[in-house]
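Comments concern the structure below.
The values are calculated or read from the model by the stated rules, or taken from the named source; none is laboratory data. Predicted model only: the values in this text are computed from it and were never measured. Cβ placement follows ideal geometry from the backbone for every residue including glycine, while neighbour counts extend to all protein chains displayed.
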């Protein structure tokens with residue numbers, strides 16, 4: 001059977017690639033092939049353990065969207081492909097021809113091969129509803145939970161599981177939490193916030209062994225300390241699902257990601273890629289970035305689908321800004337662009353502005369919260385390079401504005417003179433942006 005456009009993968013990148021293709025190419029025949037019957041909202045996964053309360057409450061519902069938009073869907077796995085003949089083959093023995101192919105095969109959890117990693121009740125956090133249902137069931141029987149990895153998945157999962165009354169220990173090898181997106185000062189705030197909910201946090205700490213008689217009983221640290229554990233969750237990052245791409249002869253990067261150009265075209269003509277399986281590059285350094293975010297995945301998908309037949313959506317930004325936000329306890333954390341630590345390591349001559357302000361004006365509104373913001377600028381030209389914020393829920397929208405500002409090469413003067421609306425019951429945002437700038441050293 002022949003289709004004009006075939007999308008392999010049905011998570012965030014696959015969904016947006018298919019829906020964008022349908023919007024732009026109304027007469028094209030589109031097929032999505034994915035392995036799982038149900039897809040989860042990636043960023044919502046940690047919340048199934050308490051706030052949502054059930055795996056099914058995080059279903060994305062893309063199956064109904066595809067049907068409503070005349071997009072064919074097949075639950076199967078693509079296991080091979082011939083790019084010269086423009087054909088793919090599935091595990092169930094089906095064969096399809098394509099005109100354009102988009103690979104959105106995502107990622108899978110990376111497991112550190114420490115002794116005991118294969119014991120029963122050593123779990124990961126994949127985007128697999130059946131597996132996560134099993135994790136949730138086992139957590140219901142557990143008392144002591146150890147989470148290895150203090151990135152955003154580890155922190156969010158620890159925060160959620162603790163709400164269910166478990167004894168939770170979070171272990172991070174680096175010196176502070178959330179090191180991929182934040183500097184040490186904000187990582188320390190994150191640590192204090194999650195510790196205030198009685199999560200035990202160990203930073204600068206490495207695991208020597210996961211021990212037990214066939215089943216997890218404890219975690220042994222390199223220091224010799226032993227931590228009791230009924231379940232261990234490995235939140236130690238993800239690796240790209242690129243076995244199919246490799247088999248099809250598509251060029252991969254040094255880290256095993258699919259290499260693409262700025263329009264998501266792979267090394268093979270008429271084959272595109274989007275999402276976690278793609279090698280992204282940092283917006284400012286141009287170096288390979290291994291941070292995987294749904295926001296980057298859907299951006300990739302829009303670019304790929306928009307340019308399948310002609311270069312219509314021209315890309316002007318230079319790479320991945322890694323705009324990101326999360327909730328830890330009662331505080332929102334958000335970041336975009338380059339961190340102070342990375343900027344200094346890469347040789348950028350920078351200047352930092354940092355300030356605190358409430359996000360309502362006047363600050364006596366019941367939902368007002370204190371915001372701490374750090375802005376990172378190039379010292380010579382004043383360009384905004386990055387931002388980190390912690391505060392109330394308004395932080396999420398503030399970082400979106402900052403992300404756009406970075407993409408549009410906004411500088412200190414632009415921010416200081418920008419005009420924004422302000423209404424007390426809504427937000428005091430017009431007071432927020434100038435303050436870090438006014439705190440810059442003269």
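Here are the numbers for this structure:
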item: Residue 57, sole failed condition from (1) in contact (Cβ under 8 Å) with a residue 24 or more places away in the chain; (2) under 24 Å from residue 292 (Cβ atoms); (3) not in a strand (DSSP E or B); result: (1)
item: Residues satisfying the stated conditions in the stretch 399-440, i.e. part of a loop (DSSP other than H, G, I, E, B), within 22 Å of residue 182 (Cα to Cα), at pLDDT below 80 and out of contact with any helix residue (DSSP H, G or I) (no Cβ under 9 Å at 6 or more places or on another chain); result: 439
item: Residue that is farther than 19 Å from residue 289 by Cβ, touching a helix residue (DSSP H, G or I) at 6+ places or on another chain (Cβ under 9 Å) and in contact (Cβ under 8 Å) with a residue 24 or more places away in the chain, where the choices are 334, 355; result: 355
item: Candidate set: the stretch 358-373, residues that are surrounded by fewer than 18 Cβ atoms within 10 Å (Cβ to Cβ) and either assigned to a loop (DSSP other than H, G, I, E, B) or not assigned by TED's automatic domain parsing to the domain that holds residue 390 (or both); chosen: the one nearest to the chain's Cα centre (by Cα); result: 367
item: Scope the stretch 10-23; condition more than 17 Å from the chain's Cα centre (by Cα) and crowded, with 16+ Cβ neighbours inside 10 Å; matching residues; result: 17, 18, 19, 20, 21, 22
item: Positions within the stretch 16-40 being assigned to a loop (DSSP other than H, G, I, E, B) and without any contact (Cβ under 8 Å) to a residue 24 or more places away in the chain, in sequence order; result: 26, 27
item: Every residue from the stretch 207-227 that is surrounded by 12 or more Cβ atoms within 10 Å (Cβ to Cβ) and either at pLDDT below 95 or in a strand (DSSP E or B) (or both); result: 207, 208, 209, 210, 211, 218, 219, 220, 221, 226, 227
